[in-house]
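Right, one structure below, let's go through it.
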Amino acid sequence: MRLFAAAAMTIVTWGGRARGDAPGAAIHVSPSGDDAAAGTSGAPFRTLHRAQEAARAAAKDMRGDVLVSLAPGVYRLDRALEFTEADSGRNGFRVIYRSAGGPGKARLLGSVPVTGWTEHRDGIWKAAIPTGTVFHTLYEDGRRLHKARFPNLETDPDMPVALGRYLVSADGTAVRTDKAAPPVKTPGWLQYPPDDDPPAADLAKVRLHVYGGGKCDWGREIRRVTSIDRAARRIEFAQDTSRGIGAGARFFLEDAMGFLDAPGEFFVDTAAGVLYLKPAGRGHPDRLGITRPVLSRMIQIRGRSRDACASDLAFDGLALEETDNSPPEALWAYTGLTDGALVWLNNAARVEIRRCHLRNGGRSGILMIGHNVGHLVEGCWIEHMGLNGVSLCNRFSAPGGQAPTADRCEFNRILNTRIHHVGELHSYAECVTAFNVASNEVGHCELSRSVRYAVTVRGNTGAQYGPPVTTPHPPCRGNRFHHLRVWRCGQDGGDMGALHCAALNNPGDGNVNVFEQITVADTAAIASVRDIAPDGIFLDWPKMAVEQVFRNVHIVRPQGLELRSHGVDNGASAVTENVSWMPGFSGTGMAYSDIGLTADFPAEFGGRPAQEPPAPAPSRLRARAEAHNRVELTWRAVPGRGPVEYVIRRDGVAVGRTGEPRFTDGGVSESREFRYEVAARVGDFAHFGAAASCTVATPPDRAPPAVTGARVSTDRRRVRVAFDEPVDPASAVDPSRYRIEPPATVRSAELPAPSIVVLQVEGLPSNGIPRVAVAGVADRAAATNRIARGAWIAMAAEDVVLRYEPLAGAGGGRMVDVSGGGGDAALRGGAVVEEGIGPDGGAALRLDGKQEFAEGPEDLNLGPGDFTLAMWVWREGGGVVVSKGNGFGRPDQWSFGLGKDGVPGSMSLRITNAYFATAERAVKDRQWAHVAFVRKGTTGQCYVNGLPSGEPHDMAGIGPLVNDRPLRIGRREHEPNPMFFKGRIAGLAIWSRALSSAELRREAVVAVRRAAP
Ligand SMILES: [Ca+2]
Ligand SMILES: [Ca+2]
């Protein structure tokens, strides 16, 4: 309701207030004007400072908007434009600063040109600047240059804001993990690897940029280097990092003349007043448009207090460019009171920033710090920021520090704005910040190419290692993030998500924010990042990012997970509706075409990206019944600029998805007509287009059953015979249908599962490989097809229950049990076995985490005693790898694959509510791991890659693990939440004995060796 009020307050369009019988003042300013002129259109002022004086005078008695028109051209500012309550619009009118030539034509620059260049040496040029001049970033024809560094900057075209190449520490100060420890004041050191000697350099200005803590790739800290000892390969610096250094810390050195050797590098000799530069472009630098920033804040809007706000100002169509960085500042927006920005607001209300182009900010684009109410940022283009795009931060206490400030940062709106290339100078940066702010709206924005977050949200809970802690800061609540198009964030760090909540709230305190209609693609970091891979969403700090609302959120290709929760509570308490990391997600709930910029986005800034038309219906759809139980579909591929996906429906029910223009449906039955539909979509975030359809009739089943395998029990008294289809019970349980060799007596036969027969036999010798032949057993087809006289089938190894070799391809939608025991599994929900993706470069089962799985026979059990369960897994999220039943319903049912609470990165065997887990972080995401569980007597042990992982488990009283549920691969039975597995599975095997460590190492090593070229 309050949001509606805020909207109504500012919905009046431009110019609406200036019309009528109460005209306001018109003031003109032009780069070719004169501050002594009258400020009219014919005699404009020269500077914005002069125009501001005139506007302030005109605003004293407003009877209409005051409109300051900026003629096209460049306005260089030597000091910030500072607006106070004296500049406010009054009487319901506004003071408007507008680019008269349209968006981007009036350019305000916080820099001065540098000319008078002479050649120094080796392609390095120099120019005189005033002595004592300090600046931290430089621009060449609108492109950012960097301080001279070692090693040189090497940018990845897909990840342009990552600042590789980094060196990696071989050793360093002790790593600290205690987050509650007091800050470090002592000096630090690190040892660099052999062959990474820095060039000789004067250390006076040199700074170390380092991700401390061995691999804490989330905060690059900057330290003053005090010495470099080449013999010991040791760099010492003034103050250790907050996490220490350890081995594996990424770093580079910056700011010495000795490092100046690459195009785009510069060095300032402050005392001598000389700027040295190796230009990025060719030609004399006097003609390359070199500019140095002289401002950190460009436009400052600051009233005296929250009760005397600067208000009712508008900035329309201005370009705001080229400010300075200030690297001693801390990493994030908490320090905004002293920080720089192209537009900086405090104690301000109802300021509109519309159709402005903010580019090459040394720090942030727009910073709303402390009290800020009712602002509108709309139609803006914000790019190439040293730090953040738009930050809202009100993390302040009332005087005394015991209670939250009475300042409010509320009812601000960031709409229809494109923000990209943020964090060009700092690693802990984001497109949009919302810290301790309420009831703000961020909608219809494009957020991309951020060094870290697209959106980060923090609130009023503090470090807590016991009961919940509420800090004396305003809560963060009621903010709505919607219709956001997010891609390529997280480029230079780990342990993050493109959408991020941290230290936000406590359970039940109502500090809830809403994220809806959001797409997130390709959250990923450069290869040198070794921390936890970037995720789509990260809910950080246990129990401190709870109960947030996510509706219609679609995430693709995160390097880590779609959603990661620090501890289970953040993720488990999230209120979700149609989100891609949960089962049942459907693209039909997504308003794809309304996500991102709207049609109003200024054409001068490139406009809204072209909308992809819906994919046409595939042409030439053909369906052919290859057998009574198999239909082959083909169609002509739909062309598209992005990846094309097809959905296949049989009689209205989706039976599979594929990227190829063909599909095999192995789920049909004899003598029926089926109607197929195939529809396509192009790109990650699109709805399926119109469907092509056809019908096909399956022939009658004329094929008799076939034996797929047989196995003899250890005591040689039971023989299991598996068929390729359900068999007719009457004929199957007739002992006379079975012959055994060497000759043995079949006493009885029973049918524990539709396609499995178990024989009781007598007289089998205790060694050798017996054979079985079947005759006269019929199938359940209308034609009652009987096995005329079956071939002899060798019985499989006694102790192997099941073995799906990774190299075994899928014939007709099945995974083949190569043990010979006939434990083949059928592929369901569109699951495929794909060549070339396995741990050995062979085949693996690929599962989507949504609907795909495989189903094996009901009679393959871990058994009453010792067993080994082993598999290769490539995990892209949670989910059950293999199960028989639910794993929690009954003591004879189990599931394998879920992590154990409190043991991050683990996998466990779950029986009722006992979790027998691997060690912490034993199973990495997006890597192949060989995972096994061995029961020997009353002891259980997990193994990862052939080695014991985690402590032995007491399994006394557990089992027997025998039930009649199907073996399911990639899910559990529990229909309300099947916990579908996302990733790949290969080499699943079960033995009815405990394999030794040596055997398991061989299991794990064999496939690794195969993987080598
Ligand atoms: Ca260099
Ligand atoms: Ca048949």
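The values are calculated or read from the model by the stated rules, or taken from the named source; none is laboratory data. Everything quoted here is computed from the prediction, not taken from an experiment. Using ideal geometry, Cβ is built from the backbone for each residue, glycine included, and neighbour counts are taken over all protein chains shown. Ligands, DNA and RNA are excluded from the accessible area calculation, which covers all protein heavy atoms including side chains. Shrake-Rupley method; radii C 1.70, N 1.55, O 1.52, S 1.80 Å.
Within segment 429-471, which chymotrypsin sites (Phe, Trp or Tyr not before Pro) sit in a loop by DSSP and count at most 12 neighbouring Cβ atoms inside 10 Å?
Taking segment 429-471 and a limit of 12 other Cβ atoms within 10 Å, the loop chymotrypsin sites (Phe, Trp or Tyr not before Pro) found are Tyr465.
Taking only DSSP H segments of four or more residues, each worth -39500 (n - 2.57), what value at 222 nm results for the chain once the sum is divided by all its residues, to the nearest 500 deg cm²/dmol?
-1500 deg cm²/dmol
If we count every other residue with Cβ under 11 angstrom of Val268's Cβ, Lys/Arg +1 and Asp/Glu -1, where does the sum land?
Every neighbour counted, the sum reads +2.
In 10 Å bins starting at 0, how do the alpha-carbon pair distances of segment 537-686 split up by percent?
So the P(r) values, bin by bin, are 9, 27, 27, 23, 11, 3, 0.
Setting aside same-chain residues fewer than 8 positions from Lys982, which lysines have a Cα under 28 Å from its Cα?
Lys215, Lys543, Lys850, Lys884, Lys900, Lys924
Can you send over the carbon and sulfur percentage of the accessible area for the chain, probe radius 1.4 Å, protein chains only?
For the chain, the apolar C and S fraction of the accessible surface comes to 51 percent.
Let me make sure I get this right: for segment 409-506, a, b and c are the square roots of the gyration tensor eigenvalues over alpha carbons, sorted descending. Under 1.5 in a/c it's rounded, otherwise prolate if a/b > b/c, else oblate. Which is it?
Verdict is oblate for segment 409-506.
Sort segment 787-890 into rounded, prolate or oblate with this rule: let a ≥ b ≥ c be the square roots of the eigenvalues of the Cα gyration tensor; rounded if a/c is under 1.5, and if a/c is not under 1.5, prolate when a/b is larger than b/c, oblate otherwise.
Cα axes put segment 787-890 in the oblate bin.
State the antiparallel share, in %, of DSSP beta bridges confined to segment 266-379, rounding to the nearest 5. Before the final figure, lay out each step's value.
Working: 5 of 28 bridges.
Rounded to the nearest five, the antiparallel share is 20 percent.
Please report the net charge: other residues with Cβ closer than 10 Å to the Cβ of Leu320, K and R +1, D and E -1.
Net charge around Leu320: 0.
Taking a cut-off of 19 Å between Cα atoms, list the lysines near Lys278, but don't count ones fewer than 8 places away on the same chain.
Lys126, Lys147, Lys205
Report, in debye and to the nearest 20, how large the dipole of the chain comes out about its Cα centre when Lys and Arg carry +1 and Asp and Glu carry -1 on their Cβ.
Dipole size: approximately 380 debye.
If you fit an axis through the alpha-carbon atoms of helix 997-1011 and take the longest principal axis of the Cα set of the chain, what angle between them do you get, 0 to 90°, nearest 10?
60 degrees
Just for the chain, what percent of DSSP beta bridges are antiparallel, to the closest 5?
55 percent
Taking 7 Å along the Cα-to-C-beta vector as the label spot, tell me the Ala463-Glu577 distance in nanometres, rounded to one decimal.
Here the modelled spin labels are 3.9 nm apart.
What order do you get for 820-827, 302-309, 977-984 when each peptide is scored by the mean count of other beta carbon atoms within 10 Å, highest first?
In decreasing order of mean packing, 820-827, 302-309, 977-984 become 820-827, 977-984, 302-309.
What does the charge count near Ser883 come to, summing +1 for each Lys or Arg and -1 for each Asp or Glu among other residues with Cβ under 11 Å from its Cβ?
Computed value for this residue: +4.
Rounded to a whole number of µm²/s, how large is the Stokes-Einstein D of segment 692-810 at 20 °C and 1.002 mPa s, given Rh as the Kirkwood radius over C-alpha pairs? Intermediate results must be reported in sequence, preceding the final value.
Numbers: Rh = 15.3 Å.
Estimated diffusion coefficient is 140 µm²/s.
Which one of Pro639, Val712, Gly652 has its Cα pushed farthest toward the positive end of the charge dipole of segment 599-754, where Lys and Arg give +1 and Asp and Glu give -1 at the Cβ?
Val712
Just the number, please: percent antiparallel of the DSSP beta bridges in segment 416-471, rounded to the nearest 5.
Roughly 10 percent of the beta bridges in segment 416-471 run antiparallel, per DSSP.
For segment 153-223, take every pair of Cα atoms, bin their distances at 10 Å starting from 0, and report each bin as a whole percent.
14, 46, 31, 9
Under the classification rounded if a/c is under 1.5, otherwise prolate if a/b is larger than b/c and oblate if not, where does segment 679-730 fall, given a ≥ b ≥ c as square roots of the Cα gyration tensor eigenvalues?
Oblate.
Highest first, please rank the peptides 737-746, 247-256 by the mean number of other Cβ atoms sitting within 10 Å of their residues.
So the order, starting with the most tightly packed, is 247-256, 737-746.
Using per-residue counts of other Cβ atoms within 10 Å, averaged over each peptide, order 572-581, 364-373, 690-699 from highest down.
364-373, 572-581, 690-699
Report the extension gain between Ala654 and Ala797 in nm, rounded to one decimal, defined as 0.36 nm multiplied by the number of residues separating them, less their alpha carbon distance.
On the way: separation 143, 0.36 × 143 = 51.48 nm, distance 3.91 nm.
Length gained between Ala654 and Ala797: 47.6 nm.
With all protein chains present, calculate the accessible area of Asp600 using a 1.4 Å probe and round the result to the nearest 10 Å².
In the full protein context, Asp600 sits at about 130 Å².
Please work out the ratio of the alpha-carbon Rg of the chain to 2.2 N^0.38 Å and round it to two decimals.
The chain yields a ratio of 1.12.
Normalised by the empirical 2.2 N^0.38 Å for globular proteins, what value does the Cα Rg of segment 450-505 take?
On the way: Rg = 13.5 Å, N = 56, 2.2 N^0.38 = 10.2 Å.
Here the answer is 1.33, to two decimals.
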